[in-house]
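**Q** This structure is in structure tokens; I'll ask about it shortly.
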Amino acid sequence: MKLNRFFIPACLILLVHTGAAAQSVGKPKLVINIVISQMRYEYLERFRDNFSENGFRTYLDSGVNFTNARCNYMQTNTVAGLATLSTGTNPAGHGVASESWYNYTTNDSINLIADDKVKGLDCEEGENRFSPLNLTAATLGDRLHESDPKSKVVAVAEDPYSAVISGGSTGSAFWLDPGKGQWVSSSYYFENLPFWVKKYNEKRFASSLLDREWVPDKSFAAYKNTDTTVLNFSARPSGFKNFFRSILKIFKKEPEKYDLPRCSIRRSATCW
């Protein structure tokens, strides 16, 4: 099946381009694998003019660009694709076919990353109890740890599935708590959440985005939907709505609530 629904080809660009440079300058000190779910390959060409010279356009113009990459398995969902990218094998090898499945031998419903033996860190009791226990193949990060125990592997994603599967069995993983908008992890990776993560959470970066007015960065015509039409944007005037909302916050103190799954674009990044 052709990979025209995901950003997998662009992810390969990052890895292969880094590897090509490594042949002339030695082993790379840092490798970054970026995956953007639902970003079709054709978007790279459709929105080429919107990309910066130091961004995706660099890989299109100067990197290795796979225009006909394909998967030889079904179903090409997010977690299966992430596991294939991270391990280099198909679902029959890494054991990841979906986020959940039914075990007909035990009559149990199995969740891909749920693990009752671990606990979530810096979150509500019983939440974020995740680990890669059902991932049955080693990731690139795991192999790096085998070759050099000093290697560091960190996976960061908005959702726990992407972070846990990309991080592998020996790396570390961080994801956003959908209720608090803070970065969390589980006891599979750490006894306590690292100090630098706690310090970042104290800045409450997500809070600064709640009242932000989101507007297109470029002109409407730049967001081409086809060769002949553009997306039909209708900008909403800000008026006094945001102003009164800010005033009310001064007098009304309530715990901040988040619903990240409804307003986020799923993406993950793994550093080796």
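**Q** Hey, rough spin-label estimate for residue 192 and residue 150, points 7 angstrom out along Cα→Cβ, what's it come to in nanometres?
**A** Placing both labels 7 Å beyond Cα along the Cβ direction yields 2.7 nm.
**Q** So if I place +1 on the C-beta of Lys and Arg and -1 on the C-beta of Asp and Glu, and nothing else carries charge, what would the dipole magnitude of the range 34-87 be about its Cα centre? I want it in debye, nearest 20.
**A** With only Lys, Arg, Asp and Glu charged at Cβ, the dipole is about 180 debye.
**Q** State whether the range 38-111 is rounded, prolate or oblate according to the following rule on the C-alpha gyration tensor (a ≥ b ≥ c being the square roots of its eigenvalues): a/c under 1.5 gives rounded; otherwise a/b larger than b/c gives prolate, and the remaining case gives oblate.
**A** Values: a/c = 3.50, a/b = 2.76, b/c = 1.27.
Prolate.
**Q** Going by the alpha-carbon gyration tensor, a ≥ b ≥ c the square roots of its eigenvalues, is the range 88-170 rounded (a/c under 1.5) or, if a/c is not under 1.5, prolate (a/b greater than b/c) versus oblate?
**A** oblate
**Q** At R0 = 45 Å, how high is the FRET efficiency between residue 102 and residue 58 if r is their beta carbon distance? Nearest 0.05 is fine.
**A** Calculated value: 0.50.
**Q** Next question, about the same structure. Quantify, in whole percent, the carbon and sulfur part of the accessible surface of the range 64-143 (1.4 Å probe; protein heavy atoms only).
**A** 47
**Q** Which ³J(HN,Hα) values in Hz, rounded to whole numbers, follow from the phi angles of the range 171-182 under the Karplus curve 6.51 cos²θ - 1.76 cosθ + 1.60, where θ = phi - 60° and Gly and Pro get x?
**A** x, 10, 9, 9, 9, 8, 6, x, x, 10, x, 10
**Q** Of the listed peptides 127-139, 48-60, 167-179, 69-81, what is their order by residue-averaged count of other C-beta atoms within 10 Å, with the highest listed first? Can you show the working numbers first?
**A** Details: 127-139: 20.6, 48-60: 13.2, 167-179: 22.2, 69-81: 15.8.
For the peptides 127-139, 48-60, 167-179, 69-81, the packing ranking is 167-179, 127-139, 69-81, 48-60.
**Q** Just the accessible area per residue of the range 79-192, please: how many Å² with a 1.4 Å probe? The partial results should precede the final answer.
**A** Working: 5460 Å² over 114 residues.
That works out to 48 Å² per residue.
**Q** Let me ask you something else. Under 18 Å from a point placed 7 Å out from the Cα of residue 66 along the Cα-to-Cβ direction: which residues of the range 160-178 have their backbone N that close?
**A** Hits in the range 160-178 for residue 66 at 18 Å: 166.
**Q** Among 83-94, 115-126, how do they line up by average Cβ neighbours within 10 Å per residue, starting with the highest?
**A** In descending order of packing, they fall as 83-94, 115-126.
**Q** In addition: A 28 angstrom limit on the alpha carbon distance is what I want to check against. Which of 150/180; 27/119; 150/199; 29/218 exceed it?
**A** 150/180; 27/119; 29/218
The values are calculated or read from the model by the stated rules, or taken from the named source; none is laboratory data. This is a predicted model, so every value here is computed, not measured. All Cβ positions, even for glycine, are placed from backbone atoms using ideal geometry, and neighbour counts span all protein chains on display. Note: accessible area is taken over every heavy atom of the protein model, side chains too, but ligands, DNA and RNA are not part of it. Shrake-Rupley method; radii C 1.70, N 1.55, O 1.52, S 1.80 Å.
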